[in-house]
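The values are calculated or read from the model by the stated rules, or taken from the named source; none is laboratory data. Note that this is a predicted model, so its numbers are computed, not measured. Neighbour counts run over all protein chains shown; Cβ positions are idealised from the backbone, glycine included. Keep in mind that these areas ignore ligands, DNA and RNA; they rest on the heavy atoms of the full protein, side chains included. Shrake-Rupley method; radii C 1.70, N 1.55, O 1.52, S 1.80 Å.
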Amino acid sequence: MDNYIKDRKVDSNEWMPFTGLEDGDSLPTGDIYVPLEEWLNARETLLTRNGRLGVALRNTDDPAIIKDDLERLDLVVLEFPKMADGRAFTQARLLRERYGFKGEIRATGDVLYDQLFYMQRCGMNGFELRDDQNASNSLKAFDEMTVTYQPASDEELPLWRRNK
Amino acid sequence: MYQYSEQDHQLLLERVSQFRGQVARRLKGELSEEEFKHQRLRNGLYLQLHAYMLRVAIPYGLLSSEQMRTLAHIARKYDKGYGHFSTRQNIQYNWPKLEDVPDILDDLAKVEMHAIQTSGNCIRNTTSDPLAGVARDEIEDPRPYCELIRQWSTFHPEFNFLPRKFKIAVSGATQDRAAVAVHDIGLRLVKSKTSEEIGFEVYVGGGLGRTPMLGKVIRAFLPKQDMLTYLEAILRVYNMLGRRDNIYKARIKILVHETGEEKFRELVEAEWEKIKAGGLYLKEEDFNWVKGFFNDPEYDILPDQDADFENLMLSNADFARWVDKNIELHKQSGYRIVYLSLKTAHQPPGDVTADQMDAIADLADKYSLGHIRTTHRQNLVLSDVQLKDLPALWGELKALDLATPNYNHVTDIISCPGLDYCALATARSIPISQAITARFDDYDFINDLGDVSINISGCINACGHHHVANIGILGVNKKGTEVYQLTLGGSAREDAAIGKIIGPAFEADEIVDAVSEVLSVYLENREDPEETFLTAYRRLGPALFKERLYG
Ligand code: HEM
Ligand code: SF4
C-alpha cells in the first residue's frame, strides 16, 4: 500500500514523477507530474499527451507563476523539506483561495501526523506521508480539533462571525 | 474580561487530549524527540537545565482571581511551590514533570487557561499595556484588539511553522507601557490626524536577542477595520521570505533590514491589497461584540479624596513612600492603580510563591473587582482599588512582602533566570540582581535617583531585555570566567532606544560598584532632581561615564 491519503481516505498513488525530458525522448503515458522548470520549458509538448498532468513547486516558488495554467493541471505538488519549514502552507492557500485551483494539492516530504490538520485547512488534500508514518492511523489527525478561529481554505469567515 | 464561549472551551479540551496523545506517542517511541520538540514547544514546554519548563499564557496580562488561584494550585501540586512571572506577561513553572503536563493543562483549561503558542516558531501570546482600560492617558482600550488578535492567531494553520517566533504587542495610550518598538509587530492605537477615526501606527521588525533592533513604522495610520488583514499580509510575506538558512537571521527584523524598509512595505501593501476585503476585514458588529467583554465595571461615584488616607499619608512615612512609588492615578475619581512589587531582596525578580498567589487572589476579590494584571517589567497590578482602601491594602501587602516601594526605580530590576536555571546561559544573572538590590536598599537613595531601569540578561539571547534598559547588564563567559558588559542609554518606552556598550566588561565582584559609579555620575551631573537618568545621559553623552569607570 502506498503511504498516501487522498481526501481523508487511504488511497493508492496513481501519479508518476517525471523529469528528464530530452530532445527526442518519448513522453510516458499515464498521470505524470513534472518540476516547474520542465513545465515552463516544455508546456506545449507536455500538453499533447493523453493523460493527466501535474506540476511540482519548490517551496521558494511563487505559485503565481502557474496561475494561468491551473485549468490544465490536475495536481500541484508542494514540498516540506523539513517539518519546521512552513512555506508550503502559504503556497497552498494561494493556490486554492487566490487562484481557485480545483485539483489535488499534495504535500510531500516531512508529512507527519501532527501537520495534517493544518495542511488540510490550507487547502491540501493529498498527502504522501513520510515512510515511517502509518496512513490509516493518521486519519484521526484530521478531526482532533473541530474548532477553528480564522478563515482559511476551509472557512471564509472568522469564528466570531460564523456564530451569528 | 473576555468570557469563553462553548467553542473556546471545546478547543481547549480538544487541545489537551491532542497533547495527551502526543505525550503518549512520545513515551511509546512513535514520535522522535526532535518531532516531539516541535509539538511540545507549541504547548509552552521547554527542556531546561534541570527539568522541563512550562510557560502558561496570560493573554495580554489579564487574570481573574480564580485563575490566579489555579496558578497557585499548580505551583503547589506540580512544582516547587512557586512560579515566575515573565517579561511577556506570562507565568513559567521551572519544575513540572513531563507526565504531569497533560494534567496541568487540564487544570488550566478549567479556568480558561492554556500554554498554547507560548513557545515555538509561531505567533506568541499577544502582550499589552498592564493599565489597559484604566489609564488616564488612554486613547482607546487595546484589549478588544488583543482579543481579536488572540483568536486570529490561535492555531493559525498557515503561520504555525514560521521561520522563527513571532511576538505582537499592542498599546492604546500615549505612554508606551507595552514596549511596542521591540516586538516583531508593535501596534499603537492613534487618532487619525485628519478625522476622529481610530487606527494603528504599525511597527515591524523590532526585537532584542543577538541583533537588537527597533521596529520601523511601516504604516503611520492603519484604519482599525484593517488590523487583521494587515497582520495577515505581514505574516504571509514573512512566512514566504523570512530566512530559514540561519536561525540567528530568521526573525522578521532581519528580513526587514535586508529587504530594506521601503521594499518591505511595498511587499506588504501589495499582498494586503489582495486580501483587504476578505473575511478578516473587521466590521462594526465585530467591534461591538468584542468590546462588550471589556466594558467598564460599575464604578462607585466617589470623591477623589479620603480623610483616613490623607491622615495616614501625614502620619506614616512608610505608607507615604509606598503611595509615592507604587500608586498610579486612575481614570475614575476615587480609584487608584496599585503596583505589587515582585522585586525584593528575598526572591528572584518575578518569582511568586503559591501562598502569595492565593493571597493576591483574595486581595483582588476584596479590593479590586477580582482582577489582577501582569506587567512586562515582571510586577503585578491591582487596577481598581478605592482610595479609602489603600491603607488596609498596604498593610496586607506589607505582610506578604509585596509592598517594596520601588516601582520603576533602581531596584525594580528585570532579570532572566541565567545560569541558575537556563541551559543556554553564559553567566549568572539572579545573584547580580540580588547584589544590586542589597546594595541600593536605602529608600532615600532610591527615591533620589528617581525613574531608572536596570535589566540583566545571562547571555546574548537577551531574555532580560538588557539592551532597552537605561542601565543594561549582559553576562558573558570570557575564558571561563563570568564577566558583565555594561550598556547605557536604552529605553523600552515611547522614546525607545537600544543602549550602547560603555567599555570593557567587569567581573562579578566589580559590576555592582560599576553600576554605583554610573549612578554617581548621574547624581553629580544632573541639572536638577527632575532630570531623569535617561534624559541626563542623553544630554551628557557617554564620555563622563566612561572616564569615571575606566579612568
Ligand atoms: C529559562 C530558559 C530560557 C531559555 C532557554 C530562553 C531562550 C531564549 C532564546 C534562545 C531567545 C532568543 C530568541 C531569538 O533570538 O529569536 C530568547 C528570547 C527571549 N526570552 Fe528567553 N529563554 C528562557 C527564559 C526566559 C524567561 C524566564 C523570560 C522572561 C523573563 C524570557 C523572555 C524572553 C524574551 C522577552 C525574549 C525576546 C527577546 C527578543 O524580542 O528578541 N526568556 N529566549
Ligand atoms: S538571556 Fe540567555 S541566560 Fe537568560 S534566560 Fe535567556 S537564554 Fe537563558
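Would you mind finding the one in B:Pro144, B:Pro130 that is more than 17 Å from the chain's Cα centre (by Cα) and either touching a residue at least 40 places away in the same chain (Cβ under 8 Å) or within 14 Å of another protein chain (Cβ to nearest Cβ) (or both)? Testing whether each residue is more than 17 Å from the chain's Cα centre (by Cα) and either touching a residue at least 40 places away in the same chain (Cβ under 8 Å) or within 14 Å of another protein chain (Cβ to nearest Cβ) (or both) leaves just B:Pro144. Of B:Leu54, B:Leu71, B:Leu105, B:Leu11, all but one fail to be within 14 Å of chain A (Cβ to nearest Cβ) and hydrophobic (A, V, I, L, M, F, W, C); the exception is B:Leu11. Regarding the range B:466-476, can at least one residue be identified that is under 20 Å from B:Gly206 (Cα atoms) and small (Gly, Ala, Ser)? Yes, because at least one residue in the range B:466-476 is under 20 Å from B:Gly206 (Cα atoms) and small (Gly, Ala, Ser). The set of residues in the range B:400-415 that are out of contact with any Gly (no Cβ under 8 Å at 6 or more places or on another chain) and more than 16 Å from ligand 2 (Cβ to nearest atom) comprises B:Leu400, B:Asp401, B:Leu402, B:Ala403, B:Thr404, B:Pro405, B:Asn406, B:Tyr407, B:Asn408, B:Val410, B:Thr411, B:Asp412.
Looking at the range B:399-424, which of the residues that are among the small types (Gly, Ala, Ser) and open to solvent by 20 Å² or more (accessible area, probe 1.4 Å) is nearest to ligand 1 (Cβ to nearest atom)? Give the steps one after another, and end with the answer.
First, pick out the residues of the range B:399-424 that are among the small types (Gly, Ala, Ser): B:399, B:403, B:415, B:418, B:423.
Then drop every residue that is not open to solvent by 20 Å² or more (accessible area, probe 1.4 Å), which leaves B:399, B:423.
Working: B:Ala399: 27, B:Ala423: 6 Å.
Among those that are among the small types (Gly, Ala, Ser) and open to solvent by 20 Å² or more (accessible area, probe 1.4 Å), it is B:Ala423.
For the range B:182-204, a residue qualifies if it is under 23 Å from B:Arg377 (Cβ atoms) and either within 16 Å of ligand 1 (Cβ to nearest atom) or not basic (Lys, Arg) (or both), and the qualifying residues are B:Val182, B:His183, B:Asp184, B:Ile185, B:Gly186, B:Leu187, B:Leu189, B:Glu201, B:Tyr203.
Among the strands (runs of 3 or more DSSP E) contained in the range B:1-74, which hold 1 or more residues that are open to solvent by 50 Å² or more (accessible area, probe 1.4 Å)?
Values: elements: B:45-47, B:52-56, B:62-64.
Passing ranges, in order: B:45-47.
Set side by side, the residues B:Leu71, B:Leu63, B:Leu47 differ, and just one is touching a residue at least 60 places away in the same chain (Cβ under 8 Å) and farther than 19 Å from B:Gln356 by Cβ, which is B:Leu47.
One residue stands out in the range B:457-495 among those that are under 17 Å from the mean Cα position of the chain (by Cα) and surrounded by fewer than 24 Cβ atoms within 10 Å (Cβ to Cβ): the one that is farthest from B:Cys422 (Cα to Cα), namely B:Glu494.
Among the residues of the range B:101-115, those identified as part of a loop (DSSP other than H, G, I, E, B), surrounded by fewer than 24 Cβ atoms within 10 Å (Cβ to Cβ) and touching a residue at least 60 places away in the same chain (Cβ under 8 Å) are B:Glu112, B:His114. Please state which of the following conditions B:Leu31 fails to meet, knowing it meets all the rest: (1) out of contact with any Lys or Arg (no Cβ under 7 Å at 6 or more places or on another chain); (2) within 14 Å of chain A (Cβ to nearest Cβ). Here B:Leu31 meets the rest and fails (1). For the range A:105-130, filtered to residues that are assigned to a helix (DSSP H, G or I) and hydrophobic (A, V, I, L, M, F, W, C), the residue that is farthest from B:Arg26 (Cα to Cα) is A:Met119. If only residues of the range B:371-430 that are touching a Cys at 6+ places or on another chain (Cβ under 7 Å) and polar (S, T, N, Q) are counted, the one that is nearest to B:Lys325 (Cα to Cα) is B:Ser429.
The single condition from (1) farther than 18 Å from B:Gly278 by Cβ; (2) at the interface with chain B (Cβ under 8 Å from one of its Cβ atoms); (3) of a type in the set (Gly, Ala, Ser) that A:Gly54 fails is (2). Every test in (1) touching a helix residue (DSSP H, G or I) at 6+ places or on another chain (Cβ under 7 Å); (2) more than 14 Å from chain A (Cβ to nearest Cβ); (3) surrounded by fewer than 23 Cβ atoms within 10 Å (Cβ to Cβ) is passed by B:Lys191 save one, and that test is (1).
Listed conditions (1) touching a His at 6+ places or on another chain (Cβ under 9 Å); (2) open to solvent by 10 Å² or more (accessible area, probe 1.4 Å) are all met by B:Arg150, apart from (1).
Residues that are farther than 14 Å from B:Gly279 by Cα, of a type in the set (Ser, Thr, Tyr) and within 7 Å of chain B (Cβ to nearest Cβ) within the range A:117-159 comprise A:Tyr118, A:Thr146, listed in sequence order.
Could you please let me know if B:Asp141 is open to solvent by 10 Å² or more (accessible area, probe 1.4 Å) and either within 16 Å of ligand 2 (Cβ to nearest atom) or of a type outside the set (Lys, Arg) (or both)?
Values: open to solvent by 10 Å² or more (accessible area, probe 1.4 Å): yes; either within 16 Å of ligand 2 (Cβ to nearest atom) or of a type outside the set (Lys, Arg) (or both): yes.
The answer is yes for B:Asp141.
Those residues that are over 11 Å from B:Asp184 (Cα atoms), more than 16 Å from ligand 2 (Cβ to nearest atom) and crowded, with 20+ Cβ neighbours inside 10 Å, I need them from the range B:205-218; list them, please. Of everything in the range B:205-218, just one residue is over 11 Å from B:Asp184 (Cα atoms), more than 16 Å from ligand 2 (Cβ to nearest atom) and crowded, with 20+ Cβ neighbours inside 10 Å, namely B:Ile218.
Can you tell me which of B:Ala250, B:Ala179 is within 11 Å of ligand 1 (Cβ to nearest atom) and either of a type in the set (Phe, Trp, Tyr) or within 14 Å of chain A (Cβ to nearest Cβ) (or both)? So that I can check it myself, show each step before the final result.
Working: B:Ala179 fails: either of a type in the set (Phe, Trp, Tyr) or within 14 Å of chain A (Cβ to nearest Cβ) (or both).
The conditions single out B:Ala250.
Can you report the number of residues in the range B:496-506 which are open to solvent by 50 Å² or more (accessible area, probe 1.4 Å) and in a strand (DSSP E or B)? Counting residues in the range B:496-506 that are open to solvent by 50 Å² or more (accessible area, probe 1.4 Å) and in a strand (DSSP E or B) gives 2. B:Val290 meets each of the listed conditions (1) of a type in the set (A, V, I, L, M); (2) away from chain A (no Cβ under 14 Å); (3) open to solvent by less than 30 Å² (accessible area, probe 1.4 Å) apart from (2).
In the range B:350-363, what residues are open to solvent by 10 Å² or more (accessible area, probe 1.4 Å) and over 27 Å from B:Asp300 (Cα atoms)?
So in the range B:350-363, the residues open to solvent by 10 Å² or more (accessible area, probe 1.4 Å) come out as B:351, B:353, B:355-356, B:358-359, B:362.
Within the range B:350-363, B:Asp351, B:Thr353, B:Asp355, B:Gln356 meet the criteria.
Summed over the range B:416-456, the residues that are outside any loop (DSSP other than H, G, I, E, B), within 18 Å of the chain's Cα centre (by Cα) and within 9 Å of ligand 2 (Cβ to nearest atom) give a count of 2.
Residue-wise test of (1) within 16 Å of ligand 1 (Cβ to nearest atom); (2) closer than 22 Å to B:Cys122 by Cβ; (3) among the hydroxyl-bearing types (Ser, Thr, Tyr); (4) free of Cβ contacts under 8 Å to residues at least 12 places away in the same chain.
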| site | (1), (2), (3), (4) |
| --- | --- |
| B:Tyr238 | yes, yes, yes, no |
| B:Gly242 | yes, yes, no, no |
| B:Leu255 | yes, yes, no, no |
| B:Glu261 | no, no, no, no |
| B:Tyr281 | no, no, yes, no |
| B:Phe287 | no, no, no, no |
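A:Lys102 meets the conditions (1) within 12 Å of chain B (Cβ to nearest Cβ); (2) closer than 21 Å to A:Asn13 by Cβ; (3) part of a loop (DSSP other than H, G, I, E, B) in every case but one. The failed one is (1).
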